[in-house]
Amino acid sequence: MTTALYLPEENIDMIAATSVLQQQAADIRTRTINWASYMQSQMISEEDYKAISALDKSRASYLAQNSSQVVKTLLNLVSHLSKDSTIQYILVLLDDLLQEDRSRVDLFHETAGKLKQCIWGPFLNLLNRQDGFIVNMASRILAKFACWGHETMPKSDLNFYLQFLKDQLATNNNEYIQSVARCLQMMLRVDEYRFAFVGVDGISTLIRILSTRVNFQVQYQLIFCLWVLTFNPLLAAKMNKFSVIPILADILSDCAKEKVTRIILAVFRNLIEKPEDSSVAKDHCIAMVQCKVLKQLSILEQRRFDDEDITSDVEYLSEKLQNSVQDLSSFDEYATEVRSGRLEWSPVHKSAKFWRENAQRLNEKNYELLRILVHLLETSNDGIILSVACFDIGEYVRHYLRGKHVLEQLGGKQIVMQHLGHKDPNVRYEALLAVQKLMVHNWEYLGKELEKQNEFQKHGDAPISGKA
């Protein structure tokens, strides 16, 4: 049995009435299909002909008296006819039946069960068609069958369908992207489907799309998907491993649409409220502080909103983040910055006292922070991030006796050395300083010499040399 999350039902079908799918559906409803020709050519049975003709004339009354026949006929037609225009018409008719009355989903499940027909197969097969309208209307019907009734989609079909949705979201210039996102919004209201979506690496896909320029409606829909995921405490606890907070903080600082602001604040609130481990909630607060969310909240506090939820969430988040700042140790601040992947020359990096007291803590959780620094050196193209990462690795080696050995074991030494030839002179300098700390003991003398050379270089007096 599906256990759908109870949330205020936003009539997204109204919002999406201008979507490509809805516009095309409106045209398709006006068509007249010559069902008699299908019967005469023996492509459909006389029984199915009578049922579909009656449905065309008086949908509600015929369905009420002949529900089993309607289900049987529609499944037969979807399974056995192939002409695009006819399949389009049948799908619109079927979708309208479900939209008019959600309880009809259970009617379809129960009748298909009695007839020993698979309700999922015919529509899953349509996902492979070339016609975009057929594909997306079939997808929409599948989501309703999966979410509005008492039967859940079988696991193998579920994984196939969620992978399909994920791939459709990631398809460049997909004109049906609003409809795809709408299906996902429905699916992720059901707790049983959430972990399956995470299993197909769905969160990473949402974040990747949100980090590009998408229109505000799609932006809202995808953040809505993240929101419903965060109602599960386990998923709320894991969410920032996918860099959800930095991406949403960026969108919050840029967005002009109130609905987008509202849904981001709702995600942030869940990331604090829902995890059962208080230390996870604390980490999320610190991550938000690190991503300048407090500044955005102070701006929002100056504005008037018609939506009381926004005001409530702003007050809640402001209080929680301000409390976390008061409790924040310099290492908490440092760890959050490293985990965010957004390194900058914040004061903690240059503090000798910080490194004396905390260098060894980079070994915690199986060298988590040290591994992240090495990973940033491998993957980042940002000169400041690379410079800071090199500096931090050098300080770790300088202050932790076994640091050189640990870094070599993690492959970090070679990666630092690769940056000796970086195009950015600041990266080259920090990499060279880190390498010197790795290679020799008398780092203080060498560091001072390197700093002198860097000053010379800034004034155009001398190139940086590898010799101390």
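The values are calculated or read from the model by the stated rules, or taken from the named source; none is laboratory data. The shown structure was predicted, so the numbers you read here are calculated from the model rather than taken from an experiment. Cβ placement follows ideal geometry from the backbone for every residue including glycine, while neighbour counts extend to all protein chains displayed. Quick note on the areas: whole protein, heavy atoms, side chains included, nothing else; ligands and nucleic acids left out. Shrake-Rupley method; radii C 1.70, N 1.55, O 1.52, S 1.80 Å.
Summary of computed values
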{"read-out": "Carbon plus sulfur fraction of accessible area for the chain, probe 1.4 Å, in percent", "value": "48 percent"}
{"read-out": "Sparse-neighbourhood loop sites, trypsin sites (Lys or Arg not before Pro) in the range 272-325 - DSSP loop, at most 12 other Cβ within 10 angstrom", "value": "R303, R304"}
{"read-out": "Cβ-placed point charges (K, R +1; D, E -1), dipole of the range 247-312 about Cα centre in debye, nearest 20", "value": "220 debye"}
{"read-out": "Inter-probe distance in nm under a simple model that places probes 7 Å from Cα toward Cβ, at K114 and A64", "value": "1.8 nm"}
{"read-out": "Size of electric dipole in the chain: Cβ of Lys, Arg +1 and of Asp, Glu -1, about Cα centre, debye, nearest 20", "value": "920 debye"}
{"read-out": "K423 paired with S82, simple spin-label distance in nm, labels 7 Å along Cα-to-beta-carbon", "value": "5.4 nm"}
{"read-out": "C-alpha long axis of helix 216-229 to longest principal axis of the chain, angle in °", "value": "80 degrees"}
{"read-out": "Dipole of the chain, positive end: most advanced residue of L93, Y400, I286 [Cβ charges, Cα centre]", "value": "Y400"}
{"read-out": "Reachable aspartates and glutamates from K116, criterion Cα separation under 18 angstrom, eight or more residues apart if same chain", "value": "D48, D106, E151, D157"}
{"read-out": "Residue among Q163, S61, L343 farthest towards the positive dipole end of the chain, charges placed on Cβ", "value": "L343"}
{"read-out": "Extension reserve of the R402-D96 stretch, reckoned as 0.36 nm per residue once the Cα distance is removed", "value": "103.3 nm"}
{"read-out": "Accessible area per residue, Å², the chain with all protein chains present, probe 1.4 Å", "value": "48 Å²"}
{"read-out": "Options N366, Y38, F331, ranked by Cα towards positive dipole end of the chain, top entry (Cβ charges)", "value": "N366"}
{"read-out": "Cα centroid of the range 355-380 to Cα centroid of the range 261-305, whole Å", "value": "26 Å"}
{"read-out": "Under 25 Å from the Cα of K365 - lysines, other chains or at least 8 residues apart", "value": "K238, K241, K274, K282, K350, K353, K404, K413, K437"}
{"read-out": "Which labelled figure in (1) 29.1, 96; (2) 22.8, 72; (3) 21.6, 67 is Rg and Dmax of the Cα atoms in Å, once derived from the coordinates", "value": "(1)"}
{"read-out": "Charge dipole magnitude, Cβ of K and R +1, D and E -1 - the range 192-325, Cα centre, debye nearest 20", "value": "420 debye"}
{"read-out": "Note, ³J(HN,Hα) from phi for the range 171-180, Karplus 6.51, -1.76, 1.60, rounded to Hz, x at Gly and Pro", "value": "6, 4, 6, 6, 5, 9, 4, 4, 5, 4"}
{"read-out": "The range 179-249-the range 93-126 distance, computed between alpha-carbon centres (Å)", "value": "27 Å"}
{"read-out": "All lysines inside 17 Å of K423 as judged from Cα atoms, apart from same-chain residues fewer than 8 positions distant", "value": "K458"}
{"read-out": "Neighbour cut-off at most 13 other Cβ (10 Å), DSSP loop, GluC sites (Glu not before Pro), the range 335-379", "value": "E344"}
{"read-out": "Potential extension, E308-E357 segment - 0.36 nm per residue separation minus Cα distance", "value": "13.1 nm"}
{"read-out": "Three-way shape call for the range 157-294 based on the alpha-carbon gyration tensor, with the a/c threshold at 1.5", "value": "oblate"}
